[in-house]
Every structure is written in structure tokens, then in C-alpha cells.
Amino acid sequence: MEPEKIQTSLPENAYRELKPGEEYTPVMPASSNPKEVTPYSVTMGVVMAVVFSAAAAFLGLKVGQVFEAAIPIAIIAVGMGSVLGKKNMLGQNVIIQSIGASSGVIVAGAIFTLPALYILGLDAAFWQVFLSSLFGGLLGIVLLIPFRKYFVKEMHGKYPFPEATATEVLVSGEKGGSQAKLLAVAGLVGGLYDFVVGTFGLWTESVSTRICEWGAVAADKFKVVFGLNTSAAVLGLGYIIGLKYAMIITAGSCLVWFVIVPVIGSLAEAVDPAAMLSLLGVTRADIVADPQSIFTAENLFAFIGKPIGIGGIAMAGIIGIIRQSKIIRQAVGLAVSEFGGGKSAAAAPERTQRDISMKRILTILIATLISVFVFFHFGLLDGWVQSVTAILIVFIIAFLFTTVAANAIAIVGTNPVSGMTLMTLILSSLVLVSVGLSGTTGMTAALVIGGVVCTALSMAGGFITDLKIGYWLGTTPRKQEAWKFLGTFVAAATVAGVMIILNKSYGFVGEGALVAPQANAMAAVIQPLMTGGQTPWMLYFCGAALALVLTSIGVPALAFALGMFIPMELNAPLVVGGLVAWFVSGRSKDEGLNKARFDRGTLIASGFIAGGALMGVVSAVLKFVGVDWFLSGWASSNAAEWTGLAMYLVLIGYFAWHTLRAKKEE
């Protein structure tokens with residue numbers, strides 16, 4: 001067989017709609033027989049899944065954002081192939097990327113829900129977290145495969161797939177050595193920076209206006225506080241997200257911290273604190289003991305700002321389903337025709353359109369649903385009625401929302417999974433209460449159900465990107481689909497172990513805990529529903545109404561509502577990262593140079609994210625095994641905060657300088 005000619009760019013019609021009668025020919029045409037699944041590609045994929053699952057879990061629990069692992073995995077795969085002198089690696093690199101990218105999607109599903117078990121003081125064993133993530137991932141894969149042809153082939157050129165930038169990295173493999181080196185250097189810088197903060201406390205991880213005398217006065221008198229997280233990982237995340245979405249997210253924070261909190265705080269003298277606690281359903285012991293403390297800026301944010309954000313997130317999920325109803329019908333029609341042996345199934349499909357057969361998919365789906373039922377019935381619930389109800393909730397919601405998640409990723413690159421999961425939790429809680437389940441058993445069951453659904457939706461959104469990358473490059477879909485199951489198993493086991501370590505090292509509630517914003521939202525919603533407490537329905541309604549208004553004027557409601565819910569100090573640095581992206585990509589009149597700079601910045605940002613998050617996990621493991629090198633006295637001082645601000649400015653300067661060194665490609 002002749003060696004294939006390696007292309008260094010995608011075909012001209014890769015991103016545009018095809019003309020009538022025009023066919024898309026991928027980089028590896030259907031007539032070729034590239035190496036894809038090999039011991040090397042599977043082993044590397046598994047290693048990537050473990051490493052990036054750990055990193056993504058730490059960062060996601062810290063700031064509520066799970067970074068896209070596909071780009072750094074693709075760069076590492078290409079770089080390793082170059083170092084080891086391997087040839088014709090494109091097919092194998094797609095498999096490495098596909099298995100490894102299971103990390104981010106499984107992590108997103110798990111950390112958005114399951115830490116709420118710890119937050120509510122419920123016992124969550126390793127096997128519960130593992131099985132919830134595993135079954136959710138399996139459901140996401142099998143429910144998406146029937147829709148692959150619709151999203152990646154039928155809608156070719158109509159959907160931009162902004163998350164699929166890893167395609168360009170994979171196809172231009174000869175540049176992999178230099179790109180991998182740049183990623184490694186950035187990872188080292190970001191990792192050491194965040195490790196010094198997390199392990200030694202040489203400077204603070206966040207700074208706020210309380211550092212100055214006027215800031216402390218503004219916080220106490222006017223309830224106005226501005227905070228900024230200084231970690232390298234969050235700075236890199238802001239660059240990747242971009243200025244537009246970072247500004248929308250932070251606008252949500254500004255509405256809460258600079259309007260809602262100060263306005264309600266100004267009523268402190270006129271409102272009875274005890275009545276306020278009763279109205280908001282506050283049961284926290286320290287606030288009940290001192291009702292006046294409800295009027296601190298932080299508590300007003302927690303008990304008024306956050307519930308409004310929760311309402312907005314849930315409404316954003318409903319809007320997503322309504323908008324995608326037509327797409328769900330079209331995709332289901334195509335899948336049914338395939339299963340029924342319609343015209344598209346009459347002839348044997350070419351290699352690049354060969355999926356796992358519909359009959360096998362149905363077999364796997366039924367086996368997965370039976371396994372989930374057994375898990376619920378013997379591991380969580382008591383009665384048959386409750387178990388049947390739980391499995392119906394999981395299947396119906398996962399099926400309805402799968403295409404919504406895939407479509408959202410295909411169009412804007414953002415999966416509204418947290419909004420859809422909040423809806424799932426509220427719905428499942430109300431249904432489970434109606435069949436006689438409540439209290440701690442009810443909360444555990446509803447959260448595990450939410451975990452399964454959330455992971456399924458997250459997997460569907462992430463996997464459609466992998467399949468589009470495969471379509472562009474010409475891999476065999478059946479091989480991507482089959483080996484995705486292995487990546488799911490590995491990522492589920494890793495995230496379960498890491499979550500238990502992080503819970504014991506930091507916890508998810510109290511001083512110094514990981515924020516776990518989505519999981520805290522789930523806990524806040526579910527506790528009153530299951531224990532008969534006061535639910536702030538009016539605040540949820542206000543958030544939902546705000547989401548409708550935002551949608552009607554064209555503002556992404558999910559991003560804005562997430563900003564209302566996540567603390568200001570974690571959203572503000574996203575804008576800083578976005579400003580760096582805007583600055584470096586607009587300095588020159590030469591568009592080619594601007595693109596080269598932006599792409600170099602993306603690599604550096606990916607390094608900051610991966611390095612910072614991985615060293616965060618290392619810090620957590622050290623803490624877990626009892627190693628304490630943290631300088632607590634110094635870290636709590638004003639001087640450490642000023643040092644943190646200075647080091648952050650140095651890091652931003654380095655980021656911008658290193659990015660501007662990019663040279664235009666010829």
C-alpha cells in the first residue's frame with residue numbers, strides 16, 4: 001500500500017454548506033484504511049482521561065467551569081507522536097483525543113450534582129459516585145449515536161462547532177513538536193504559580209476591596225465588595241471563554257453585587273432580621289443565632305442573589321428545549337428510518353459513515369437501563385414504584401435533553417447542562433415526594449438521579465464534537481463510539497476518587513472550601529423540597545422572569561444567570577483573561593498576525609488551565625495525606641494580599657508578552 005499523503009489543512013468545503021450534489025471528502029478518504037485503534041492510541045487515551053479528569057474535577061469544583069480538554073490532549077498526542085518518531089498518526093490521534101476527552105464531560109456531569117451529597121451531610125460512597133457517572137456516560141453515548149448522521153453530516157456547514165478547534169491541531173501534525181513545547185512551558189508556569197499559592201500560601205489566591213480601608217468601609221456600610229481570584233488557571237479560562245461571554249457572565253455578578261445586595265442591605269434598619277430569615281427559609285445555625293448577620297454582603301448574595309440565579313438557570317434550560325423541539329423531531333425521524341432499514345440503510349455504508357448498528361445500540365441501551373434500575377432499587381430506594389418512577393425520569397429527561405445539549409454545543413459551544421439538571425432535580429423531587437419518598441433518602445435519590453441525567457447530557461454535548469472532528473478528518477465512527485465506552489469507565493473511576501479526596505482535603509462548605517457552585521445550587525434547591533422547608537419560589541420566579549427578558553433582547557440567559565450565581569471573585573478574572581485575548585488579537589492591522597497571536601495565546605491559556613488545575617490536585621493530595629507546608633499566619637495578612645495582586649499583574653504581563661511573540665505563518 002502506498003503511504004498516504006499527509007494534508008496539513010482541512011478541505012476548502014469543511015466549514016461551509018455543500019452545494020447541491022457536492023460531497024465532502026475528508027482528510028483520510030473513505031477508500032483509505034488508516035491505523036486508528038492500536039495499543040499505543042488506547043493506552044495514551046486512557047492516560048489522558050485520568051490526568052485531565054483529575055484536573056477538570058479540581059477546577060470545576062473551584063470555579064464552576066470545566067475546561068475543554070480536547071485541545072491540550074490533541075497537542076500532547078501530536079507532540080508525543082513527533083517525539084517518538086511515529087508516522088501516519090492522524091487516525092490514532094483522533095482515538096487518543098476521543099478517549100481522553102471523556103474526562104471533561106464525565107467530570108461536568110459528576111461535579112455539578114454529586115458534591116451536593118456531601119454539602120447536605122449525606123454519605124456518598126465511591127461506588128455511588130462511580131456508578132452514577134458511568135451509567136450517565138453510557139446513556140449519553142447510546143442516546144446520541146442515532147443522531148450522529150443528522151448533526152455531523154446532514155447539517156454540515158450549517159453548524160459551526162466552535163469547540164472542535166482540536167481538529168486543526170490534529171491535522172497540522174508537523175507543527176506538533178513546537179506546539180507541545182509551548183503548552184508544556186505554559187503548563188509549568190501556571191502549575192508552579194498555583195502550586196506556590198495552594199501549598200505554601202506565599203501570596204493569597206484572591207484579593208478584594210477589603211484590602212484597603214475605604215474598601216472595608218464600603219463593604220460594611222454600603223454592602224459593596226469587589227473580589228478577584230488571582231489563579232493562573234482561572235485567568236487562562238477567561239482567555240478561552242473570550243471577552244464577550246466573560247462580560248455577560250460578570251454582568252450577572254455586577255447586577256447582584258452592585259445593585260441587588262446594596263439595595264436590600266440598605267433596608268437593614270427597616271426590616272426585622274428574624275422575619276427576613278423566615279421569609280428566605282434560612283436555617284444556617286450561625287445566622288439563626290445572630291439574625292442581624294443576614295445583612296452582610298456575602299449572606300445577602302448567598303440567600304437572595306443565588307436563588308435568583310437558580311431561577312434564571314432553570315428557565316434557560318426550558319427555553320433550550322422549546323427552541324430545539326423541531327430539531328428533536330427531525331433527528332428522531334432520521335434515527336427511526338435507520339433502525340427500520342430505510343433507504344439510507346439499504347446499501348452498506350462507506351467506512352467514514354459506519355456507526356455501531358441500531359440493534360446493538362438498542363441492546364446496550366436496554367442493558368444500561370436495567371443496570372440503572374438495579375442500582376436504584378438495591379442501592380438507593382426501597383419500593384418498586386419508586387424505582388420504576390426513578391428510571392422513567394432518567395430515561396425520558398435524558399432522551400429529550402440529549403439533542404438540546406448536542407445542538408447547543410454545535411451552535412455556540414456552550415452546553416446548558418446545569419440549567420437542564422436543575423429542572424431535572426426540581427421535577428424528580430416533586431415526583432418522588434408524590435410517591436412517598438422524602439427526607440435524607442429522598443435527597444440522596446434525587447441527587448443521584450440528577451447525577452445520571454447530568455452526566456448523560458454532558459456526554460452527549462461533548463461526544464458530538466468528537467464525532468464531528470472524526471467526520472472532518474475521516475475516522476471510522478464505529479471505532480470512536482466503541483472506544484468512548486472505555487474512556488467513560490476510566491473517567492468515572494477517576495472523578496469518583498478525586499472527589500472523595502477533595503471533599504476530605506477542602507470540603508465544599510465553610511471557610512476555605514471549594515466553591516462547587518452548581519452542586520451548592522442543587523443542594524439549596526433540593527433540601528427544602530425534600531424536607532418540607534421554606535422554598536424561595538418568589539426568588540426563583542424573579543430569576544426565571546429575568547431569563548425570559550434577557551432571551552427576548554438577545555442576551556444569553558444561561559451565561560448571565562450563572563454569573564448571578566457564581567461569586568464575583570471567580571467571574572471577574574474571566575474578564576481579565578478575555579481582555580488579554582482582545583488585546584493580543586487586535587493589536588495589528590494584519591489579520592494573519594492577529595490570528596497567529598490569538599492561537600498562541602490559546603495554547604498558553606490551555607497550559608495555564610491544565611498546569612494550574614493539575615497542581616491544584618497535587619496540593620489537595622498533599623493535604624489529604626497530612627502534609628502541611630501552608631504559612632497560615634502570613635497568608636491571612638494584608639501583605640500577602642498585596643503580594644498576590646502584584647504577582648497576578650506579573651502573570652498577566654508574562655501572558656501578554658509571551659503571546660505577542662507569535663509570528664505570522666507563511
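The values are calculated or read from the model by the stated rules, or taken from the named source; none is laboratory data. Quick caveat: nothing in here was measured; it's all calculated off a predicted structure. Heads up, the Cβs are rebuilt from the backbone with ideal geometry, glycines too, and the neighbour counts pull from every protein chain shown. Note: areas computed on protein heavy atoms with side chains; ligands, DNA, RNA excluded. Shrake-Rupley method; radii C 1.70, N 1.55, O 1.52, S 1.80 Å.
In region 612-645, the residue that is nearest to the chain's Cα centre (by Cα) out of those that are over 17 Å from A233 (Cβ atoms), in contact (Cβ under 8 Å) with a residue 60 or more places away in the chain and open to solvent by less than 50 Å² (accessible area, probe 1.4 Å) is L622. Residues in region 108-146 that are modelled with pLDDT of 85 or more, among the aromatic types (F, W, Y) and surrounded by 24 or more Cβ atoms within 10 Å (Cβ to Cβ): F135 only.
So, of the residues in region 192-221 that are assigned to a helix (DSSP H, G or I) and among the charged types (D, E, K, R), which turns out to be least open to solvent (accessible area, probe 1.4 Å)? Don't jump to the end; show me each part of the working.
Kept after step one, since they are assigned to a helix (DSSP H, G or I), are these residues of region 192-221: 192-200, 209-211, 213-221.
With the extra rule that they be among the charged types (D, E, K, R), the set shrinks to 194, 210, 213, 220-221.
Values: D194: 19, R210: 94, E213: 156, D220: 100, K221: 149 Å².
My answer is D194.
Of all residues in region 581-593, those being under 28 Å from A184 (Cβ atoms), in a helix (DSSP H, G or I) and open to solvent by 10 Å² or more (accessible area, probe 1.4 Å) number 4. Kindly provide the set of residues from region 492-513 that are in a helix (DSSP H, G or I), open to solvent by 30 Å² or more (accessible area, probe 1.4 Å) and not β-branched (V, I, T), ordered by number. Correct list: A493, N503, K504.
The set of residues from region 235-272 being of a type in the set (F, W, Y), at pLDDT 85 or above and either open to solvent by 10 Å² or more (accessible area, probe 1.4 Å) or under 11 Å from K223 (Cα atoms) (or both) comprises W257, F258. Against the condition β-branched (V, I, T) and over 23 Å from L134 (Cα atoms), how does T531 come out, does it pass? Taking the combined requirement at face value, the residue satisfies it.
For region 646-666, filtered to residues that are of a type outside the set (G, A, S), in contact (Cβ under 8 Å) with a residue 12 or more places away in the chain and more than 15 Å from A233 (Cα to Cα), the residue that is most open to solvent (accessible area, probe 1.4 Å) is K663. Being closer than 27 Å to A74 by Cβ, aliphatic (A, V, I, L, M) and in a loop (DSSP other than H, G, I, E, B): is that true of A662 here? It is true that A662 is closer than 27 Å to A74 by Cβ, aliphatic (A, V, I, L, M) and in a loop (DSSP other than H, G, I, E, B). V549 fulfils the conditions (1) touching a helix residue (DSSP H, G or I) at 6+ places or on another chain (Cβ under 9 Å); (2) open to solvent by 30 Å² or more (accessible area, probe 1.4 Å); (3) in contact (Cβ under 8 Å) with a residue 24 or more places away in the chain; (4) part of a helix (DSSP H, G or I) except for a single criterion, (3). The residues listed here are T455, T475, T488, T441; of these, the one that is touching a residue at least 40 places away in the same chain (Cβ under 8 Å) and open to solvent by 10 Å² or more (accessible area, probe 1.4 Å) is T441. Of the listed requirements (1) touching a helix residue (DSSP H, G or I) at 6+ places or on another chain (Cβ under 7 Å); (2) surrounded by fewer than 24 Cβ atoms within 10 Å (Cβ to Cβ); (3) free of Cβ contacts under 8 Å to residues at least 60 places away in the same chain, V224 misses just one: (3). The selection criterion, being more than 30 Å from G198 (Cα to Cα), at pLDDT below 80 and not in a loop (DSSP other than H, G, I, E, B), holds for S82. Of all the listed residues (T414, T455, T424, T440), the sole one being modelled with pLDDT under 85, in contact with a Phe, Trp or Tyr (Cβ under 9 Å, 6 or more places away or on another chain), outside any loop (DSSP other than H, G, I, E, B) and not small (G, A, S) is T424. Screening I321, I361, I391, I396 for residues that are modelled with pLDDT under 80 and under 28 Å from the mean Cα position of the chain (by Cα) leaves exactly one candidate, I321.
Are any residues in region 361-415 of a type outside the set (A, V, I, L, M, F, W, C) and under 16 Å from A446 (Cα atoms), and if so, which ones? It would help to see each step written out before you state the result.
Within region 361-415, the subset of a type outside the set (A, V, I, L, M, F, W, C) is 363, 368, 371, 377, 379, 382-383, 386-387, 389, 402-403, 407, 413-415.
Matches in region 361-415: H377, G379, D382, G383, Q386, S387, T389.
Residue count for region 555-576 satisfying the condition of being open to solvent by 30 Å² or more (accessible area, probe 1.4 Å) and modelled with pLDDT under 90: 3.
Would you confirm, using the coordinates I've provided, whether E481 is more than 21 Å from A54 (Cβ to Cβ), at pLDDT below 95 and open to solvent by 10 Å² or more (accessible area, probe 1.4 Å)?
Details: more than 21 Å from A54 (Cβ to Cβ): yes; at pLDDT below 95: yes; open to solvent by 10 Å² or more (accessible area, probe 1.4 Å): no.
Criteria not met by E481.
Scanning region 294-322 for residues that are more than 20 Å from I426 (Cβ to Cβ) and part of a helix (DSSP H, G or I) yields I294, F295, A297, E298, N299, L300, F301. Take the conditions (1) within 23 Å of the chain's Cα centre (by Cα); (2) open to solvent by 10 Å² or more (accessible area, probe 1.4 Å); (3) among the polar types (S, T, N, Q); T535 misses just one of them, which is (1).
In this structure, is L603 part of a helix (DSSP H, G or I) and open to solvent by less than 30 Å² (accessible area, probe 1.4 Å)? Can you show your working first?
Values: part of a helix (DSSP H, G or I): yes; open to solvent by less than 30 Å² (accessible area, probe 1.4 Å): yes.
So L603 fits the description; yes.
Annotation: of all residues in region 282-295 being in contact with a helix residue (DSSP H, G or I) (Cβ under 8 Å, 6 or more places away or on another chain) and open to solvent by 20 Å² or more (accessible area, probe 1.4 Å), the one that is modelled with the lowest pLDDT is D286.
Could you check, for region 222-232, whether at least one of its residues is part of a helix (DSSP H, G or I) and modelled with pLDDT under 85? Among the residues of region 222-232, at least one is part of a helix (DSSP H, G or I) and modelled with pLDDT under 85, which makes the answer yes.
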